[in-house]
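> Okay, here's the structure, questions in a sec.
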Amino acid sequence: MIDRLPLPPDTHRLSAPVAWPGQARCAAMISFDFDAETMWLSRDTTNIRRPALISHGTYAAKVAIPEILAILREAGIRATFFVPGWTADNHPAVVASILEAGHEVGHHGYLHFWPEPDKPREEAEEIEMGLEALQRNFGIQPLGYRCPAGETTDRLVGLLAQYGMIYDSSFMDDIHPYVHRLDGRDSGVVELPWHWSLDDVPYTVYSLRGQRAIQTNDHVRTIWSDEFREYHRRGALFDLIMHPQAIGRPSRLRLLADFLAFAASFPGVWFATAGEIAKHVLETRRT
Ligand SMILES: [Zn+2]
């Protein structure tokens, strides 16, 4: 018999805009996934013995983060950095500098692991190890989570609720935030949706094993600016997803500074951290 593979019932809810605080017309969440070397370790841990390969990620800690923090300070914007536990364990001073600058640190797994639907224990361990690393190094309990590489299982929302997190930023099914339902009830976990088009990696990261054309800054700027204009018009949540090893290259840093100034030139843009946006959604939600 053919399995009909029904979608979960909550998938069929319609999208609805959020009433933003004050006079804000839209929200902008500036986020960075500080993967560092984990992007090259999660699928092949033997890469720890290939230092030139993983040095692509080392660049994030060594060069990019200080530059990015300076740009954010200049722009007066607080961002959200999603940090794998392994990165916290191996680059604690860099993560501490992010926290000292007033930015939010969110959960991004431990070793940037891609969970398998049939391996629940592995998935839970990855989340627990990530939480433990952030707690042990910095004494923080993250408010929310972004899955590594856009990969989740159907257990994710339940796990986040179980570990006291109030948001997720992994799904691509909306442009407005919404509250996940779990077993027919309000889960208390807000979704802050994202999309690959607002991610820097598809345009800028190259490797011999994953070849794709590196795009010009004009190309990236055009897509991000066109998207921003329409998100603003719709009162949506513009969730920009960057990776320090990608956006931290010299000319890309100029792109970042210019783009932040462009977005700030629109009326009524609420630049906020993921946690601030999630709290607002929870406080104003209709149940
Ligand atoms: Zn990542």
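> Net charge within 11 Å of residue 42 by Cβ-Cβ distance, Lys/Arg positive one each and Asp/Glu negative one each, not counting residue 42 itself?
Working: positive: 43; negative: 35, 37, 44, 126, 151.
Summing Lys and Arg as +1 and Asp and Glu as -1 gives -4.
> Please compute the volume of the convex hull spanned by the alpha-carbon atoms of segment 33-284 and report it per residue in Å³.
On the way: hull volume 32.7 nm³, N = 252.
Considering the Cα atoms of segment 33-284, their hull volume per residue is 130 Å³.
> When the chain is modelled as a GNM with alpha-carbon springs shorter than 10 Å, which of 251, 225, 197 fluctuates the most?
251
> Can you compute 3J(HN,Hα) from phi for each residue in segment 71-84, using the Karplus curve 6.51 cos²θ - 1.76 cosθ + 1.60 with θ = phi - 60°, rounded to whole Hz and x for Gly and Pro?
5, 5, 5, 4, 7, x, 10, 9, 10, 10, 10, 8, 10, x
> Calculate for the chain the 222 nm mean residue ellipticity that helices alone would give, adding -39,500 (n - 2.57) per DSSP H run of length 4 or more and normalising by residue count, nearest 500 deg cm²/dmol. Mind dumping the intermediate values first?
Details: 12 runs with 117 residues, N = 287.
The per-residue figure over the chain is -12000 deg cm²/dmol.
> Provide the gained length on full extension for the span residue 78 to residue 52, in nm with one decimal, where the gain is 0.36 nm per separating residue minus the Cα-Cα distance. List each step's numbers first, then the result.
On the way: separation 26, 0.36 × 26 = 9.36 nm, distance 3.24 nm.
Computed gain between residue 78 and residue 52 is 6.1 nm.
> Given a Förster radius of 30 Å and the C-beta distance between residue 211 and residue 90 as r, what FRET efficiency does 1/(1 + (r/R0)^6) yield to the nearest 0.05?
Working: r = 28 Å, r/R0 = 0.93.
After rounding to 0.05, the efficiency reads 0.60.
> Expressed as a whole number of Å, what is the distance separating the alpha-carbon centroids of segment 105-121 and segment 214-262?
If you average the Cα positions of each part, the centres end up 27 Å apart.
> Using θ = phi - 60° and the Karplus relation 6.51 cos²θ - 1.76 cosθ + 1.60, list the HN-Hα couplings for segment 230-238 in order, rounded to whole Hz, with x at every Gly or Pro.
7, 4, 4, 4, 8, x, 8, 9, 8
> Could I ask something else about it? Rounded to whole Hz and in sequence order, give me ³J(HN,Hα) for segment 163-172 from the Karplus expression 6.51 cos²θ - 1.76 cosθ + 1.60, θ = phi - 60°, writing x for Gly and Pro.
With the stated coefficients, segment 163-172 comes to 9, x, 8, 10, 8, 10, 9, 10, 8, 10 Hz.
> Within segment 152-242, report the trypsin sites (Lys or Arg not before Pro) that DSSP leaves as loop and that have at most 13 other Cβ atoms within 10 Å. Each step should come with its number before you reach the end.
On the way: sites: 155, 181, 185, 209, 212, 221, 229, 233, 234; in loops: 155, 209, 212.
Within segment 152-242, the qualifying trypsin sites (Lys or Arg not before Pro) (loop, at most 13 other Cβ atoms within 10 Å) are 209, 212.
> Let me ask something else about it. What percent do you get for the relative contact order of the chain when only Cα pairs under 8 Å and 6+ apart count?
Working: 510 pairs, mean separation 79.7, N = 287.
With pairs under 8 Å counted, the relative contact order is 28 percent.
> Now, a different point. Which order do 178, 163 fall in if you start with the one that has the fewest other Cβ atoms within 10 Å?
Details: 178 21, 163 16.
Listed from fewest to most nearby Cβ atoms, that is 163, 178.
> By counting other Cβ atoms within 10 Å of each Cβ, how are 12, 195 ranked from fewest to most?
Numbers: 12 7, 195 15.
Listing 12, 195 from fewest to most nearby Cβ atoms yields 12, 195.
> Let me ask something else about it. Between residue 284 and residue 197, what FRET efficiency follows from the Cβ-Cβ distance if R0 is 22 Å, with the result rounded to 0.05?
Numbers: r = 28 Å, r/R0 = 1.25.
After rounding, the FRET efficiency stands at 0.20.
> Please give the length that would be gained between residue 181 and residue 16 if that part of the chain were fully extended, namely 0.36 nm times their separation in residues minus their C-alpha to C-alpha distance (nm, one decimal). It would help to have the intermediate numbers written out before the result.
Numbers: separation 165, 0.36 × 165 = 59.40 nm, distance 1.50 nm.
Stretched fully, the residue 181-residue 16 segment lengthens by 57.9 nm.
> List the residues whose amide H sits under 5 Å from the amide H of residue 140, counting only those 5 or more places along or on another chain, with H placed 1.01 Å from N in the peptide plane.
Hits under the 5 Å cutoff: 135.
> Between the alpha-carbon centers of segment 1-26 and segment 81-95, tell me the distance in whole angstrom.
About 32 Å separates the Cα centre of segment 1-26 from the one of segment 81-95.
> Contour minus end-to-end for residue 266 and residue 225, with contour as 0.36 nm per residue of separation and end-to-end as the Cα-Cα distance? Display every interim value, and only then the final one.
Numbers: separation 41, 0.36 × 41 = 14.76 nm, distance 1.13 nm.
That pair, residue 266 and residue 225, stretches by 13.6 nm at full extension.
Taken together, the values in this text are just the output of simple stated rules run on the coordinates, not laboratory data. Computed from a prediction, not measured in an experiment: that's the story for all the values here. No Cβ is skipped: glycine too gets one built from the backbone with ideal geometry, and neighbour counts run over all protein chains shown.
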